[in-house]
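S.K.: Below you will find the structure I want to go over with you.
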Amino acid sequence: MTTPYLTSQQTSSTDAASSLRLGGDWTLAHYSQLEPQVLALRERLQGKESVDLSDLAALDTAGAALLVELFGSERLRQLSKQSEFNEQRRALLLTVADAMADSQQAQTPPEPSVLREVLGHIGEVVESMWHQGRALLGFMGLTLTSMLAILVRPTRWRLTSLTAHLEQCGLNAVPIVALLTFLVGAVVAFLGATILADFGASIYTVNLVAFSFLREFGVLLTAILMAGRTASAFTAQIGSMKANEEIDAIRTLGLSPIELLVLPRVFAMLIALPILTFIAMLSGMLGGALVCALSLDIPLAMYLSILQESDLLRHFLVGLLKAPIFAFLIALIGCLEGFKVSGSAQSVGEHTTSAVVQSIFVVILLDALAALFLMEMGW
Amino acid sequence: MSQETVIEVRDLSNRFGSQVVHEHLDFDLYRGEILGVVGGSGTGKSVLLRSIVGLRQPNAGTVRVFGEELLSLPAERRSQLERRFGVLYQRGALFSSLTVSENVALPLIEHAGLSRAEAERLARVKIALAGLPQDAGSKYPSSLSGGMVKRAALARALALDPEILFLDEPTAGLDPIGAAAFDQLIRTLSDSLGLSVFLVTHDLDTLYSICDRVAVLAQKKVLVADRLDVVAATNDPWIQEYFHGPRGRAAAKAAAAAGRQ
């Protein structure tokens, strides 16, 4: 290691056939310092100057790259022959010169403008939404046909897999669903009590809680929870199998990934979500009953008799009928996103997020549309 | 050969639970040489590499890199020392959220204090040096093939012009032509930059074509570390099987043929 001094001199700069002297450490440590000089000098170089490289001390790839920038690959090749370089330094210069000669032919395209980029991005997103929708519809058709094909052949039902998924996404979700809806039920009752008290109609809190939970909140809250809990799990499971090429292995073994992986999950969701919805309705109304009993002086017996008197069956059926539809969509989106995973672990993460966002979006959108439709129909 | 030692490992022991990987292992790497490290699966080649670069605290023994014990240094000094070696990991370990040229430019910006434009310019040189086409620079690692990932990782390892290069199975997963070009690239860089190379490999062709010395890891230590012909003549069943099995003979023949030309 020599002392890092550096001179990049030219004896007479304006003459055409001047001479050039380079010396010192041409290394990465001095790159920032050397680069502007090299770029400035390069413009004035005509390729006829006599070049003295004898003072050159340390040289690394950064320095060699600068020399190539200064002289061009062709000239440097000649220089490295005539100069008193040792074998190693010549090899370095030639290696860098060759590498850069190849690279300089390929020009990098200019950066696009911001507006173009924004518009391009919007276009990309719209296009990907379109593809997403198409893919989901196609996948839905594929799953439905496999489902119908399998329904008539009970020997191909994957009962073990179905049971495992049923436990995972049904039974294991009971505590969280029950607790959450119980709390929301209590909150709705509080809200109702506060507002209705102004009209002296506190007693209608019971109807409010029952109505909202049977018709909307029971199924909606459960579906959103399942979207977060189960759709993500489905995507991660299938996605990591995809990343590990297990899906390809299933295909080459002559098996159907839809039948093996998707149908058990879809059936498990179709069974689990309505049951969970029923639990959610009950525990939501229980939460409401608790608040009514504690702060509104409506005892449980009265709460129940009010429920009995009102015509709630219709609302219950409307709520419960939405459950299998949501279940089907959540399971489909979860599985489809899993199949979209490509290779890396990062991709698994991205698609898991996307599965949750999409399924929650679809659930709420569909619920809103259904509410409008049913309201108009007077059901 | 009396040469400057850049890595000195003495009495190294590594254990995972009750499983002993290394015991009383001694090892040297000299300046400017390419040392091939071979050994069967599970003999701790990668563990040795991790111990040397300071990713693993050995259970006993000393590891000196450039005469200093990495793990006992203060963070600042250690970081300075770490800039003097580059590591190419088995699967590349490129940062997946950055493009290839950003991957290479990152150490240049962080450590060499270059501006972004300068670093990108220099990154292009490194990418070309590693034998990648220029349009690869703007790609993300996920869209590269296995061989290109290796080359991109080499470009990053070379970013700071290191003095020691650690390569963990660099030619695994490359096609023979790509592997031969990669070998040649390492030889050229080692010669021209005075690089010392610690090369973990299974590739017999690599051993025959570019390695100055070969170290064999077996029986929890470095069994022998010497020139290839000396190692190949060592009387040990594993070494005999390794160098004189069908693949070993083929590689030796190919190397001899290349030497005659």
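Laboratory data are not the source of any read-out in this text; all were calculated from the coordinates shown. No experiment lies behind these values; they were computed from the predicted model shown. Positions of Cβ are generated from backbone atoms using ideal geometry, with glycine treated the same way; all protein chains shown enter the neighbour counts.
S.K.: In degrees between 0 and 90, to the nearest 10, how far off the longest principal axis of chain A does helix A:87-105 point, with axes built from Cα atoms?
M.R.: 60 degrees
S.K.: Among B:H244, A:H351, which comes first, then next, by fewest other beta-carbon atoms within 10 Å? Don't jump to the answer; show the numbers that get you there.
M.R.: Values: B:H244 13, A:H351 25.
With the fewest neighbours first, B:H244, A:H351 line up as B:H244, A:H351.
S.K.: Please give the helix A:313-340 orientation as an angle from the longest Cα principal axis of chain A, in degrees from 0 to 90, rounded to the nearest 10.
M.R.: The helix A:313-340 is inclined about 20 degrees to chain A.
S.K.: Just the number, please: percent antiparallel of the DSSP beta bridges in the protein assembly as shown, rounded to the nearest 5.
M.R.: 50 percent
S.K.: Let me ask another. Using only alpha carbon pairs under 8 Å that are at least six residues apart, calculate the relative contact order of region A:128-377 and give it in whole percent.
M.R.: Details: 316 pairs, mean separation 81.8, N = 250.
About 33 percent, as a whole number.
S.K.: Additional query: Any idea what the relative contact order of chain B is, in percent, if you count C-alpha pairs under 8 Å spaced at least 6 apart?
M.R.: Values: 464 pairs, mean separation 61.7, N = 261.
Over chain B, the number comes to 24 percent.
S.K.: While we're on this one: Taking square-rooted eigenvalues a ≥ b ≥ c of the alpha carbon gyration tensor, is chain A rounded, prolate or oblate, where a/c under 1.5 means rounded and, failing that, a/b exceeding b/c means prolate? Don't skip to the answer; put the middle values down first.
M.R.: Details: a/c = 3.98, a/b = 2.67, b/c = 1.49.
The shape class here is prolate.
S.K.: So, one more: Mind checking which aspartates and glutamates have their C-alpha under 12 Å from B:K221, skipping anything on the same chain fewer than 8 residues away?
M.R.: Partners found: B:D11, B:E23, B:D26.
S.K.: Running Debye on the protein assembly as shown with equal point scatterers at the Cα sites and no solvent, what base-10 log of I(q)/I(0) appears at q = 0.05, 0.06, 0.07 Å⁻¹?
M.R.: So the normalised log intensities are -0.40, -0.55, -0.69.
S.K.: Taking 7 Å along the Cα-to-C-beta vector as the label spot, tell me the A:L183-B:Q184 distance in nanometres, rounded to one decimal.
M.R.: 6.7 nm
S.K.: Does anyone have the angle between helix A:114-151 and the longest principal axis of chain A? Alpha-carbon axes, 0 to 90°, nearest 10?
M.R.: Approximately 50 degrees, to the nearest 10.
S.K.: For Cα pairs less than 8 Å apart in space and 6+ apart in sequence, what is the mean separation divided by the residue count of region A:241-379, i.e. the relative contact order in percent? Provide the component values of the computation, followed by the final result.
M.R.: Working: 74 pairs, mean separation 42.2, N = 139.
With pairs under 8 Å counted, the relative contact order is 30 percent.
S.K.: Counting Lys +1, Arg +1, Asp -1, Glu -1, what net charge surrounds B:G32 among other residues with beta carbon under 9 Å of its beta carbon? Show your work: numbers first, answer last.
M.R.: Working: positive: B:R31; negative: B:E4, B:E33, B:D191, B:D212.
Here the count lands on -3.
S.K.: If you don't mind, another one. In the P(r) worked out for region B:132-218, what percent of Cα pairs fall beyond 23 Å? Don't skip to the end; give the middle numbers.
M.R.: On the way: 832 of 3741 pairs.
When all Cα pairs of region B:132-218 are counted, 22 percent exceed 23 Å.
S.K.: While we're on this one: Counting DSSP beta bridges with both partners in chain A, what percentage is antiparallel, nearest 5? Let's see the in-between values first.
M.R.: Numbers: 5 of 11 bridges.
Of all bridge pairs located within chain A, approximately 45 percent are antiparallel.
S.K.: Step through the table entries A:K242/B:K150; A:K81/B:K139; B:K45/B:K150; A:K340/B:K126; A:K242/B:K126; B:K126/B:K150, compare each Cα-Cα distance with 25 Å, and write down the pairs that go over it.
M.R.: Numbers: A:K242/B:K150 23 Å; A:K81/B:K139 37 Å; B:K45/B:K150 19 Å; A:K340/B:K126 34 Å; A:K242/B:K126 34 Å; B:K126/B:K150 13 Å.
Over 25 Å apart, Cα to Cα: A:K81/B:K139; A:K340/B:K126; A:K242/B:K126.
S.K.: Which of the peptides B:126-138, A:30-42, B:39-51, B:73-85 is most tightly packed, and how do the rest follow, judged by the mean count of other Cβ atoms within 10 Å per residue? Could the numbers behind the result be given before it?
M.R.: Values: B:126-138: 21.2, A:30-42: 15.5, B:39-51: 18.6, B:73-85: 13.8.
The densest-packed peptide leads the list: B:126-138, B:39-51, A:30-42, B:73-85.
S.K.: Once each part is reduced to its C-alpha centroid, what is the distance from region B:31-80 to region A:353-379 in angstrom?
M.R.: 59 Å
S.K.: Something else now. Quick one: if you stick a label point 7 Å off each Cα along the C-beta vector at B:R84 and A:L313, how many nm between them?
M.R.: The modelled label-to-label distance comes out at 8.8 nm.
S.K.: Okay, which of region B:47-61 sit inside 17 Å, backbone N to the point 7 Å along the Cα-Cβ direction of B:E23?
M.R.: B:59-61
S.K.: Same structure, new question: Using only the Cα atoms of region A:234-379, what are the Rg and Dmax in Å?
M.R.: Reported Rg and Dmax, both Å: 20.7, 67.
S.K.: Can you list the residues of region B:180-211 with backbone N under 20 Å from a point 7 Å past the Cα of B:D229, pointing along Cα to Cβ?
M.R.: Answer for this model: B:204-211.
S.K.: Over chain B, what number does the Rg to Rh ratio reach, with both radii from the alpha-carbon atoms and Rh per Kirkwood?
M.R.: Values: Rg = 18.4 Å, Rh = 19.1 Å.
Radius of gyration over Kirkwood radius for chain B works out to 0.97.
S.K.: Expressed as a fraction of 2.2 N^0.38 Å, the rule-of-thumb size for a compact globular protein of N residues, what is the C-alpha radius of gyration of region B:95-161? All intermediate terms of the calculation are to be shown ahead of the outcome.
M.R.: Values: Rg = 10.5 Å, N = 67, 2.2 N^0.38 = 10.9 Å.
Cα-based Rg divided by the globular estimate yields 0.96.
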